[in-house]
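Data block below; observations after.
The values are calculated or read from the model by the stated rules, or taken from the named source; none is laboratory data. Fair warning: this is a prediction, and the values are worked out from it, not measured in the lab. FYI the Cβ positions are ideal-geometry reconstructions off the backbone, even for glycines, and counts take in every protein chain you see. For the accessible areas, the whole protein counts, side chains as well, though only heavy atoms, and no ligand, DNA or RNA atoms are used. Shrake-Rupley method; radii C 1.70, N 1.55, O 1.52, S 1.80 Å.
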Amino acid sequence: METSSASSHFIKNIVIEDLKSGKVDQIVTRFPPEPNGYLHIGHAKSILLNFELADEFKGRTNLRFDDTNPLKEDTEYVEAIKEDVAWLGYEWDGLFFASNYFEEMYSRAVLLIKKGLAFVDDLSADEIRLTRGTLTQPGQDSPHRNRSIEENLDLFARMRNGEFKDGEKVLRAKIDMSSPNINMRDPVIYRISHATHHNTGDKWCIYPMYAFAHPLEDAIEGVTHSICTLEFEDQRPFYDWVVAECEMEHQPRQYEFARLNITNTVMSKRFLKQLVDNKIVDAWDDPRMPTISGLRRKGYTPEAIRNFVRETGVAKSYSVADERMLEHFIREDLKLKAPRTMAVLRPLKVVITNYPEDQVEKLDAEINPENPEMGNRQIPFSREIYIEQDDFMENPPNKYFRLFPGNEVRLKNAYFIKCNDFIKDADGNVVEIHCTYDPETKSGSGFTGRKVKGTIHWVDAKHALPAEFRLFEPLILDEEKGDSDNFLEHINPNSLEVVHGFVEPNMKDAQAQDKYQIFRHGYFNVDSRLSKPDRLVYNRIVSLKSSFEL
């Protein structure tokens with residue numbers, strides 16, 4: 001697999017220097033998602049960074065589930081995350097769960113109590129929040145901060161034994177309530193939660209907080225470079241405090257980079273869950289979702305996602321990538337891979353009145369003109385065909401070069417046809433067009449007698465297969481509101497349009513996740529959940545043209 005070796009960034013330079021100086025013998029990274037939702041495109045950046053750094057420098061990468069909150073986590077999410085990481089093209093060296101370390105984490109918390117560096121607090125979450133202080137004012141000591149070591153050990157053991165209700169007590173680190181870093185003001189490191197855990201069942205009723213558990217996990221696994229996003233930068237002093245005061249043998253180091261942000265895109269699992277729970281989308285893998293599973297179902301490839309993430313780079317500064325950049329990379333990936341075909345999404349019947357009624361001929365067309373090695377396909381052609389409704393106008397404006405009364409156009413890969421008449425229904429809608437064709441103008445015949453300005457696509461009415469097409473627009477209307485708390489106010493009510501038309505008969509064996517370039521309409525993917533042999537469903541991945549340039 002291609003890695004990030006072609007480009008350099010500040011974390012890679014740190015790794016190079018650490019290996020060169022002998023500070024580390026082997027790089028060990030980890031990708032540590034919480035199994036409380038599905039991965040999204042933002043996680044792809046962390047996945048690539050961790051796995052590709054380790055790959056490039058012959059190191060190791062662990063996939064670790066930070067499952068310290070049983071109220072939000074589920075085995076469904078664990079399996080989905082494993083599937084997504086593997087689909088992106090990466091193999092983990094070790095598969096771990098934070099919950100595997102609960103006993104050791106408990107022991108390290110007991111160590112802190114014995115050292116006088118942790119205490120059991122009776123304050124509620126709201127009371128702790130009120131006494132934490134502000135950026136300009138120090139916090140206030142809890143009235144329970146000076147409990148004796150013996151009392152704290154007894155209370156913490158009773159917390160573990162289930163003698164207290166949820167929220168009745170917590171274990172807090174004892175550091176400095178006047179620290180300029182609010183994260184160092186006696187943070188909570190254990191809370192009570194009488195909930196069944198997906199991995200440990202009902203063995204525990206106290207659970208470590210993420211900020212306490214994470215550095216311990218890294219230390220236990222021998223992680224050398226703990227790479228996370230910038231919002232954890234203020235947590236680094238506490239990360240280092242936990243490793244040092246818990247007397248961990250291995251001392252990992254935390255490094256932060258700017259997360260991936262994309263225009264018109266929700267990039268928060270909490271917000272994405274709201275979309276699912278509020279039924280704004282069908283599920284986590286809805287093609288409008290920026291989840292890895294949603295992008296996969298829509299038709300994105302691992303190669304396109306990896307190339308997009310690499311192009312966004314690794315930096316310390318906040319930036320927003322244009323969603324059109326991601327679209328650019330799927331076009332680039334599919335242009336040589338995807339077979340070409342024709343489909344009519346909003347059909348209008350055309351009768352070629354001078355074509356023999358019982359005749360059917362097979363016309364040759366390239367499968368992919370940009371990749372001749374893919375060969376040719378055959379397209380049936382007969383007296384009745386379908387074209388797009390907007391390829392005909394009764395009274396066209398200037399420079400309209402498609403079908404209208406008296407005008408002649410080329411049918412893609414077929415003949416010139418000329419419109420002579422049309423039929424309307426009772427509501428005045430055109431429902432059928434009558435044309436004649438010129439048999440001398442067959443594509444590939446070398447005909448040079450005259451030229452036409454318009455070429456339109458079509459499918460043969462007798463042999464075409466009915467199909468459903470799902471067309472997508474951005475889910476968020478305001479490109480900068482994707483991760484704001486009021487993002488639901490900016491949902492696009494027209495993010496999905498479903499139309500019914502026809503595809504060429506050579507699509508009858510199309511399988512889930514097969515991808516095609518449909519002439520004029522864009523790149524499409526066979527829907528993995530909805531499409532069946534008797535009901536073909538295609539998701540438009542992306543249109544053919546973009547104004548975006550790298």
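So here's what we get for this one:
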quantity	calculated
Residues of region 399-433 satisfying the condition of being among the aromatic types (Phe, Trp, Tyr) and touching a residue at least 24 places away in the same chain (Cβ under 8 Å)	Phe401, Tyr415, Phe416, Phe422
Phe102 being open to solvent by less than 10 Å² (accessible area, probe 1.4 Å) and farther than 22 Å from Ile292 by Cα	yes
Selection status of Pro143, at pLDDT 95 or above, farther than 26 Å from Tyr255 by Cβ, of a type outside the set (A, V, I, L, M) and open to solvent by less than 70 Å² (accessible area, probe 1.4 Å)	no
Residue, surrounded by the fewest Cβ atoms within 10 Å (Cβ to Cβ), within region 399-435, restricted to residues that are in contact with a Cys (Cβ under 9 Å, 6 or more places away or on another chain) and part of a loop (DSSP other than H, G, I, E, B)	Gly406
Condition check for Leu39: at pLDDT 95 or above and surrounded by fewer than 16 Cβ atoms within 10 Å (Cβ to Cβ)	no
Hey, Pro70 touching a residue at least 40 places away in the same chain (Cβ under 8 Å), in a loop (DSSP other than H, G, I, E, B) and either charged (D, E, K, R) or open to solvent by less than 30 Å² (accessible area, probe 1.4 Å) (or both) or not	yes
Filter result (in a strand (DSSP E or B) and over 18 Å from Glu357 (Cα atoms)) within region 436-457	Thr455, Ile456
Near pairs, Cβ below 8 angstrom, 6+ apart or cross-chain, from region 349-362 (without any contact (Cβ under 8 Å) to a residue 60 or more places away in the chain) to any residue that is assigned to a loop (DSSP other than H, G, I, E, B) and open to solvent by less than 30 Å² (accessible area, probe 1.4 Å)	Gln359/Ser382; Glu361/Ser382
Among the candidates Glu361, Glu366, Glu332, residue that is farther than 26 Å from Lys298 by Cα and surrounded by fewer than 19 Cβ atoms within 10 Å (Cβ to Cβ)	Glu361
Which numbered condition Pro396 misses (of (1) open to solvent by less than 50 Å² (accessible area, probe 1.4 Å); (2) touching a strand residue (DSSP E or B) at 6+ places or on another chain (Cβ under 6 Å); (3) without any contact (Cβ under 8 Å) to a residue 24 or more places away in the chain)	(2)
Filtered residues of region 69-117 (kept if of a type in the set (Lys, Arg) and more than 30 Å from Asp176 (Cβ to Cβ))	Lys72, Lys82
Segments classed as strands (runs of 3 or more DSSP E), wholly inside region 149-213, with at least 3 members that are touching a strand residue (DSSP E or B) at 6+ places or on another chain (Cβ under 6 Å) and in contact (Cβ under 8 Å) with a residue 60 or more places away in the chain	188-192
Where a residue in region 333-348 is among the polar types (S, T, N, Q) and its partner, wherever it lies, is modelled with pLDDT of 95 or more, with Cβ under 7 Å and at least six apart	Thr341/Val503; Thr341/Glu504; Thr341/Tyr516; Thr341/Ile518
Selection count where residues are part of a helix (DSSP H, G or I), in contact with an Asp or Glu (Cβ under 8 Å, 6 or more places away or on another chain) and open to solvent by 50 Å² or more (accessible area, probe 1.4 Å), scope region 232-272	3
Unmet criterion (only one of (1) farther than 27 Å from Gly201 by Cβ; (2) in contact (Cβ under 8 Å) with a residue 40 or more places away in the chain; (3) among the aliphatic types (A, V, I, L, M)) for Leu111	(1)
Single residue of Thr441, Thr448, Thr455, Thr436 found to be more than 27 Å from Leu536 (Cα to Cα) and either touching a residue at least 40 places away in the same chain (Cβ under 8 Å) or not β-branched (Val, Ile, Thr) (or both)	Thr436
Selection from region 273-283 of residues that are polar (S, T, N, Q), in a loop (DSSP other than H, G, I, E, B) and under 18 Å from the mean Cα position of the chain (by Cα)	none
Number of the condition not met by Ser226 [criteria: (1) of a type in the set (Ser, Thr, Tyr); (2) within 27 Å of the chain's Cα centre (by Cα); (3) surrounded by fewer than 19 Cβ atoms within 10 Å (Cβ to Cβ)]	(3)
Subset of region 5-36 that is in a helix (DSSP H, G or I) and of a type in the set (Lys, Arg) - its residue that is surrounded by the fewest Cβ atoms within 10 Å (Cβ to Cβ)	Lys20
Residue within region 52-63 that is among the aromatic types (Phe, Trp, Tyr), under 21 Å from Leu216 (Cβ atoms) and either surrounded by 15 or more Cβ atoms within 10 Å (Cβ to Cβ) or in contact with a strand residue (DSSP E or B) (Cβ under 6 Å, 6 or more places away or on another chain) (or both) present	no
Scan of region 409-433 for residues that are among the polar types (S, T, N, Q) and within 15 Å of Met342 (Cβ to Cβ), ordered by number	Asn413
Count of residues meeting criterion [assigned to a strand (DSSP E or B), more than 18 Å from Asp282 (Cβ to Cβ) and under 23 Å from the mean Cα position of the chain (by Cα)] in region 504-530	6
Residue check, Ala467 assigned to a loop (DSSP other than H, G, I, E, B), modelled with pLDDT of 95 or more and among the aliphatic types (A, V, I, L, M)	no
Filtered residues of region 300-323 (kept if open to solvent by 30 Å² or more (accessible area, probe 1.4 Å) and part of a helix (DSSP H, G or I))	Glu303, Arg306, Asn307, Arg310, Glu311, Thr312, Glu323
Given (1) in a loop (DSSP other than H, G, I, E, B); (2) crowded, with 19+ Cβ neighbours inside 10 Å; (3) under 20 Å from the mean Cα position of the chain (by Cα), index of the condition Tyr538 fails	(1)
